[in-house]
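Single-structure report; data block below.
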Amino acid sequence: MATGAVPAQSGGRDAGFVSDSENYLKNSSGLLSWIFTLDHKRIGVMYLVGILSSFLAGGLLAMGIRWHLMSPDGLLFSNDAYNQVFTLHGAIMVFLFIIPSIPAALGNFLVPVMLGAKDVAFPRLNLCSFYLWLGGAFFFVGALMMNGLDTGWTFYTPYSTSTDTSVVMATLGAFILGFSSIFTGLNFIVTINTMRPPGMTWFRMPLFLWATYATSIIQVLATPVLGITLLLLIAEKTMHIGIFDPEYNGDPVTFQHFFWFYSHPAVYIMILPAFGIISELISVHSHKGIFGYRFIAYSSIAIALLGFLVWGHHMFTSGMSQVTVIIFSALTFTVSVPSAIKVFNWVSTMYKGSISLTTPMCYALSFIFLFTIGGLTGLFLGTLSTDLHLHDTYFVVAHFHYVMMGGTMVAFLGGLFHWWPKMMGKMFNETGGRISAAIVFVGFNMAFLPQFLLGNQGMPRRYATYDPEFAWLHQLSSIGAFTLGIGLLTAGLVLLHSLFRGKQAPANPWGGATLEWHCTSPPPFYNFKHAPAVGDPYEFANVEYDSATDNYVFTDLPRELVPDEHEPAPASAGGQA
Amino acid sequence: MFNALEILGPGLFGDDAKALWFPDQASTYAAESDGTYAMILWVSAFFFVLVLGPMIYFTFKYHKPKGGKATSRVRHHNLLEITWSVVPCFFLVIMFVRGSWGYLDMQTPPEGTRQIDVEAYKWAWSMNYGNGAIHPELHVLLNEPTKLVMRSKDVLHAFYVPAFRIKRDIVPGRYNIVWFQATIPSEKASDEELDAALAAHKESGDATWNYDKYQITEDGYRYYDLFCAEYCGRDHSMMQTYVVVHETQEDLDAWIKKISSRGDTPPAEYGEKLYKLRNCVGCHSNEPNKVVVGPTFHNLYGYERPLQSGQTVVADEQYIRESILEPKAKIVQGYNPQMPSFKGQLSDDDIASLIAYMKSLSDRGETASDAAQANDSTASEGEAEVAGDDQPAAAEAAAN
């Protein structure tokens, strides 16, 4: 295989193709070479496999839930079994899928490559955090195998301190997963602070890195509180220390404060990296620089900080004082502004762009639609008088699925399709990818729009059975959920198919300008031989399409200021000499 | 396929009325809450179109084949940024203020509000109307403010009446208060309809009244749903009761009088009624060998009960009374101590009625005291009044 093949016709620079001996996927083989790898890219791939397996498990549980709810009396489970199924669906999706999805899987792969670095700052810590994730996952599976878990993913006391199911085991699992999350966050903060290449100032970082940085701050600051809370819960359950359980003079609302002090910022751990992905996707596939770079970057930080101040909105009905409730309502509204800024900037980026409706772009557009609905419906819940009606109903269920699934999951899929050629070195079938995006979009809306109406009508959440008047909306929602399942399955098949039948990916199939597109697909195990020279990550004027290779190559920027002087070309940014 | 649709019953493929938006506006809060909802909905719709309209337009307008170039290099515009940062804030402030206003209105009950004490427990409600009148249904008076003082006996629950647009968590270890004023009375069904429902209920042999099927209460009123909205364990979704709004004080008083005493009803019959109303039925079945959560009441009275402590007691009047008032005093082997106490909830006459009902379910109902004195283990062949060939099995079930 030719190394460093540069298309002659355009005269642009291109990283060419990687040789097998340098390809990070093939440079060493055997199980041990993966188990003990310190290569951030391989760790990212292992995370990806683990996270997608968890997503499959959580998704199958969701299908079970929707099948059960096709009939008012329930079709599939006993009440006890239903409670366990929805608990595991929530716990698996939150702790094993959404929280680690983008930072751990895509972030691990991308952060060093986008920085032009050879690896993260602490490669061993990175491997350690993967094994912690795996350990936490085993505890969850163990809890499932032993007595199941029926507390809901929120572990509210005193139910969680009085139930017979495996609360201790599951909380230990979440505790361990918390450390995985802290280590990843710490690693990224240090990496981004210390390992940026020459020329990459803070405001020349790709926005994905800004989002990852903001996420990491939350992970490091908030997750320890979850750890403390879960330890206290275990102590309460086993030793009755009297903090959360009223039977021993504790207060259940204290637990809710502790829990949401982590778990609300955790919502932003889930959504901020998604914002980062969308900023990249919209810009690259519109072939136009991102609009309002600084506002998007600052709004990520603003969300990370404001996100710490709004946890009380989960407890408007719990009996907090009126003043507290009103203050939390006000703070909740403030956090909506930075999110709105981002959405406006993304749409403006598309103005007068050159939009390619590739699969990642289809997912990104789908994200804007779904996240806008998710964000706007949050206003109904932040407003106190309407929240008293909608709290703990299906309106909330629909709202957070629009944000978490329509937002984070769709962005994750978009990002996965976007960087798949880079990660695996294979192109997927574009038509198949677009069809999957369309089915996911239709199925998702059909599954969750009816749930807003259910919430309006007063259908409470976490109900194994329900009144017959809610039946038709539940059935509509179930049919949508099955459609969504088929869409996700299609997406999975398209990606799997590409591994076996996909044609080899060029270095820059979409025309991106950030550093990962300057190295081969897949990157060599060392990413870059020399720290690359860094330009504007959103400058597309010198990214030219080469139809012969279906690839984009980098040309020299037109030099407008000194037209007569012949300057040497900037140092090669590619990893290949 | 046709069969499958029938299993699903009424629903997407049925032809029943399909409500879309909100339930009735049956309290003073409802109009304000729905008005705020509508306002937010319009603002949201405006911003949704503002975002999605250009997005869809740009997608088609600037869609170019691969290799196309962007025709604008504008990367920032501070005025635009400030506009779309500041303008939404005005809308947010309006929502916040209006929402908080509505919320504050709901917080302080006016003077002289009628109070009802509410107890929530897994998985039922009991509303205390004073003077021993306790009933799972919530009965209130039209246009009169009503205050609920709510406590939980076990885990978190939440009081939620969609038609009133109000919700409040019920937290163990706290008293949470909610008040409201109902504005639409519950219609009273015609006597024919009530008779038909009562007859159908008798025929069906259901243990409890099926509200969804008859769409009226056992007393013939239309009702509003009252849900538990905070997850509380196995039968969370069945922790529902019903709200009836009476038009006149006399009507409400008559209903309270009706539920507050046994009157001329024979004790065993009244005991059966309490068994259902006070939700003993939620955990204790009255059929042989059927364990729901606690032991079945069938063949309980007069039989020996093996306890967790290793002792054995005979289930006599005093044992049953103690088990109702202090459920954790004597735990039968194989069961968890999770029954709440009914101290102060049941009068002596109520307990006597329940004991009479349990006697009627046991084949030792008449002879237990003699049998206990004689200390026989399995005597009592000839005397069995209830079909009594399942004693060993029943004893076994109780031991499980």
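Some notes on this structure:
- In sequence order, calculated HN-Hα J values of the stretch A:266-282 (Karplus, 6.51, -1.76, 1.60; Hz; x Gly/Pro): 4, 4, 7, 4, 6, 9, 4, x, 5, 4, x, 4, 5, 4, 5, 4, 4
- Residues of the stretch B:71-96 that bury at least 30 Å² of accessible area when the other protein chains are present, relative to the chain alone (probe 1.4 Å, heavy atoms, ligands and nucleic acids excluded): B:Ser72, B:Arg73, B:Val74, B:Arg75, B:Glu81, B:Trp84, B:Ser85, B:Leu92, B:Met95, B:Phe96.
- A 1.4 Å probe over all protein chains sorts B:Asp212, B:Asp195, A:Asp467 by accessible area into B:Asp195, B:Asp212, A:Asp467, starting with the largest.
- Protein-protein interface of the stretch A:67-116, residues with accessible area decrease of at least 50 Å², isolated chain reference, 1.4 Å probe: A:Asn79
- log10 of Debye I(q)/I(0), alpha-carbon scatterers only, for the protein assembly as shown at 0.07 Å⁻¹: -0.66
- Normalised contact order of the stretch A:192-349, rounded percent, pairs of Cα under 8 Å and 6 or more residues apart: 27 percent
- Computed over the stretch B:267-360: relative contact order in percent, which uses C-alpha pairs under 8 Å that are six or more apart: 35 percent
- Accessible area that becomes buried as B packs against A, both chains, 1.4 Å probe, Å², nearest 100: 8700 Å²
- Rounded accessible area per residue of the stretch B:267-360, 1.4 Å, Å²: 45 Å²
- In the stretch A:360-385, the residues that give up 10 Å² or more of accessible area when the other protein chains are added, compared with the chain on its own (1.4 Å probe), are A:Leu365, A:Ile368, A:Phe369, A:Thr372, A:Ile373, A:Leu376, A:Leu379, A:Phe380, A:Thr383, A:Leu384, A:Ser385.
- Evaluating 6.51 cos²θ - 1.76 cosθ + 1.60 at θ = phi - 60° for every residue in the stretch B:268-285, the Karplus couplings come out as 5, 5, 5, x, 5, 5, 4, 3, 7, 5, 8, 6, 4, 4, x, 10, 10, 7 Hz, glycine and proline recorded as x.
- Note on chain B: helix-only mean residue ellipticity at 222 nm, from DSSP H runs of 4+ residues weighted -39500 (n - 2.57) and normalised by residue number, equals -12000 deg cm²/dmol.
- Portion, in percent, of the accessible area of chain B that falls on carbon or sulfur, probe 1.4 Å: 56 percent
- Cα centroids of the stretch A:477-542 and the stretch B:271-320: 65 Å apart.
- Ligands, DNA and RNA are left out, and with a 1.4 angstrom probe the accessible area of the stretch A:39-554 is 27 Å² per residue.
- DSSP beta bridge pairing in chain B, given as percent antiparallel to the nearest 5: 75 percent
- Across the stretch A:404-413, computed HN-Hα scalar couplings (Karplus, 6.51 cos²θ - 1.76 cosθ + 1.60, θ = phi - 60°) run 6, 8, x, x, 4, 5, 5, 5, 4, 4 Hz from first to last residue, x flagging Gly and Pro.
- With all projection directions averaged, the alpha carbon convex hull of the stretch B:267-360 covers 5.3 nm².
- Mean residue ellipticity at 222 nm, helices only, chain A: -20000 deg cm²/dmol; runs of at least 4 DSSP H residues each add -39,500 (n - 2.57), and the sum is divided by the number of residues.
- Relative contact order [Cα under 8 Å, 6+ residues apart], the stretch A:39-554, whole percent: 17 percent
- Heavy-atom accessible surface of the stretch A:39-554: percent carbon and sulfur, 1.4 Å: 72 percent
The values are calculated or read from the model by the stated rules, or taken from the named source; none is laboratory data. Keep in mind that this is a model prediction, so the values were computed, not measured. Accessible surface areas use protein heavy atoms only, side chains included; no ligands, DNA or RNA. Shrake-Rupley method; radii C 1.70, N 1.55, O 1.52, S 1.80 Å.
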